[in-house]
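> Have a look at this one.
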Amino acid sequence: MTTQEIIQAMPKTEVHLHLEGTISPETLWALASRNKVKLPVRDLAELRGMYVFEDFDKFIKVWLMMCSCLKTEGDYIGMVDGYVGECRRQNIRYAEVHFSPYNHEKFGMGAVKAFDTVTKRLIEAENAGGPVTRIIADIPSEAAPESGAFTAEFLESQENPLIVAIGLGGPEKGFPRAPFAPWFERARRAGYPAVAHAGETGGADHVHEAVLALKARRIQHGVRAVEDEAVLRLLAEREVCCDVALTSNACLTPFTDLRTHPIRRMIDAGVPVTLSTDDPPFFGTDLVREYRRAHEEVGLSMDQLWRINLNGLRFGLADGSSRVLVVFTLSIGTSILGVVLLLWYLRRRRRRILFLPNFGVL
Ligand SMILES: [Zn+2]
């Protein structure tokens, strides 16, 4: 089997993916036409041209434009179906998706209706063979303080079985992480642990704030933690996992050459990491490609990739029994590997494990 085939067949996890960010230019064009939303482009080709990102400002502009095109239940169902189809195509078994209640209240069909629609469809997909998906309710930083208060209140008032955490998205520049602490505290009191984007377009100080002020259990990106050894040590000591997205970083951060991407330094420093796409069509990628790039360009071994994959469950925020169930699912078709995985999972210790003796049978 080629590396590509092995990665394709490997049952995978992905925990840093924005549900809205799975919408392709073709789908966005269809949504805008159907809902009579005027886009700042003349045709689909021009819209495709907009999906080339070299800075975060342009990215967020397209992002908000996209949110304003989601108007009906059918639009949200279509978005979920597209996401589920991609998971099945790539054998992604467990995912945590970021989804922003504030943006759907402001631009879409309302936060409660949007979450209810998406949740129902995701549960149907899970019952029909997967993937197992959980939701992170993100505060978009650019709309704070309004978005912070709205998200905290939303989490306090909802009993959604799929929401597992509060998150923080949006731009970092001009938005330090610490001021979001009161809303994170409210969410924590309502039973939701924290994750946060930091150390992507912001520096290591943002990662530091996310860990200490927001008490983030995982950091989305976190790659600029390498600018400060003390922050790297903090992540390693507290076992705060960083959900890295290589191609996204290559587009929006100075880490354009993956041969020198900080993920290697993070791993060497003992920081747990996962691999994700962030917003696949926005960066012309998918999870299979991210793993392949990590192997071929970053130079990570297949053993390292497998451990990174398992970190999606080890640091995932779904309840224990759901994750154990996914571990069992992962074991299908992997025979001995599945047993090793289960033993590792049950021990849940930070230690190296020896494998993959039979990876090739996947
Ligand atoms: Zn992200």
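> Within region 169-180, is there a residue that is of a type outside the set (Lys, Arg), within 13 Å of the ligand (Cβ to nearest atom) and more than 16 Å from ASN249 (Cα to Cα)?
No; the residues of region 169-180 include none that is of a type outside the set (Lys, Arg), within 13 Å of the ligand (Cβ to nearest atom) and more than 16 Å from ASN249 (Cα to Cα).
> State which residue is surrounded by the most Cβ atoms within 10 Å (Cβ to Cβ) when the search covers only region 204-227 and only residues that are touching a Cys at 6+ places or on another chain (Cβ under 9 Å) and part of a helix (DSSP H, G or I).
For region 204-227, the residue satisfying everything is ALA225.
> When residues of region 84-134 are filtered for being within 16 Å of the ligand (Cβ to nearest atom) and over 26 Å from THR274 (Cα atoms), how many remain?
Residues flagged as within 16 Å of the ligand (Cβ to nearest atom) and over 26 Å from THR274 (Cα atoms) within region 84-134 amount to 2.
> Moving on to the next point. Need a quick list: strands (runs of 3 or more DSSP E) entirely within region 70-188 having at least 2 residues that are aromatic (Phe, Trp, Tyr).
92-99
> Looking at region 206-225, can you tell me whether even one residue there is within 16 Å of the ligand (Cβ to nearest atom) and at pLDDT below 95?
Within region 206-225 (the criterion being within 16 Å of the ligand (Cβ to nearest atom) and at pLDDT below 95), the answer is no, since none of the residues qualifies.
> Which residues, taken from region 230-250, are free of Cβ contacts under 8 Å to residues at least 40 places away in the same chain and acidic (Asp, Glu)?
GLU237
> Report yes if some residue within region 301-310 is in contact with a strand residue (DSSP E or B) (Cβ under 6 Å, 6 or more places away or on another chain) and under 26 Å from VAL52 (Cα atoms); otherwise report no.
Among the residues of region 301-310, not one is in contact with a strand residue (DSSP E or B) (Cβ under 6 Å, 6 or more places away or on another chain) and under 26 Å from VAL52 (Cα atoms), which makes the answer no.
> Of everything in region 274-284, what is touching a Gly at 6+ places or on another chain (Cβ under 9 Å) and surrounded by fewer than 24 Cβ atoms within 10 Å (Cβ to Cβ)? Give them in sequence order.
Answer for region 274-284, where residues must be touching a Gly at 6+ places or on another chain (Cβ under 9 Å) and surrounded by fewer than 24 Cβ atoms within 10 Å (Cβ to Cβ): just PRO281.
> If you don't mind, there's one more thing I want to ask. Report whether or not VAL52 is within 25 Å of ALA250 (Cα to Cα) and in a loop (DSSP other than H, G, I, E, B).
Yes; evaluated as a whole, the condition is true for this residue.
> With respect to the numbered conditions (1) under 19 Å from HIS104 (Cα atoms); (2) touching a residue at least 40 places away in the same chain (Cβ under 8 Å); (3) assigned to a loop (DSSP other than H, G, I, E, B), which one is the sole condition not fulfilled by GLU200?
(1)
> Do you know which residues across region 326-345 are surrounded by fewer than 16 Cβ atoms within 10 Å (Cβ to Cβ) and either on the phi < 0 side of the Ramachandran plot or modelled with pLDDT of 95 or more (or both)?
Initially, region 326-345 is screened for residues surrounded by fewer than 16 Cβ atoms within 10 Å (Cβ to Cβ), giving 328, 332-333, 335-336, 339, 342-343.
Those that are surrounded by fewer than 16 Cβ atoms within 10 Å (Cβ to Cβ) and either on the phi < 0 side of the Ramachandran plot or modelled with pLDDT of 95 or more (or both): PHE328, ILE332, ILE336, VAL339, LEU342, LEU343.
> Consider VAL62 against the criteria (1) among the aliphatic types (A, V, I, L, M); (2) assigned to a loop (DSSP other than H, G, I, E, B); (3) within 16 Å of the ligand (Cβ to nearest atom): it satisfies all of them except one. Which criterion is unmet?
Tallying (1) among the aliphatic types (A, V, I, L, M); (2) assigned to a loop (DSSP other than H, G, I, E, B); (3) within 16 Å of the ligand (Cβ to nearest atom), VAL62 fails exactly one: (2).
> How about region 1-55: which of its residues are closer than 30 Å to GLN304 by Cα and hydroxyl-bearing (Ser, Thr, Tyr)?
THR2, THR3, THR13, THR22
> Pull out all pairs, ordered by first then second residue, where Cβ-Cβ is under 8 Å, the residues are six or more apart or on different chains, the first lies in region 93-115 and is within 30 Å of LEU310 (Cα to Cα), and the second is of a type in the set (S, T, N, Q) and part of a strand (DSSP E or B).
Final answer for the pair search is ARG93/THR13; TYR94/THR13; TYR94/THR133; ALA95/THR13; ALA95/THR133; GLU96/THR133; VAL97/THR133; HIS98/GLN220.
> Mind telling me which of the residues ALA190, ALA194, ALA213, ALA181 ends up being touching a strand residue (DSSP E or B) at 6+ places or on another chain (Cβ under 7 Å), more than 19 Å from ALA269 (Cα to Cα) and free of Cβ contacts under 8 Å to residues at least 60 places away in the same chain?
Within the list ALA190, ALA194, ALA213, ALA181, the selection yields ALA194.
> Take the residues of region 150-183 that are within 19 Å of the chain's Cα centre (by Cα) and among the charged types (D, E, K, R): which is surrounded by the most Cβ atoms within 10 Å (Cβ to Cβ)?
ARG177
> Go through region 19-33 and give me each residue that's in a helix (DSSP H, G or I), closer than 12 Å to GLY78 by Cβ and not hydrophobic (A, V, I, L, M, F, W, C).
Those that are in a helix (DSSP H, G or I), closer than 12 Å to GLY78 by Cβ and not hydrophobic (A, V, I, L, M, F, W, C): THR22, GLU26, THR27.
The values are calculated or read from the model by the stated rules, or taken from the named source; none is laboratory data. As the structure is a prediction and not an experimental result, all values here were calculated from the model. No Cβ is skipped: glycine too gets one built from the backbone with ideal geometry, and neighbour counts run over all protein chains shown.
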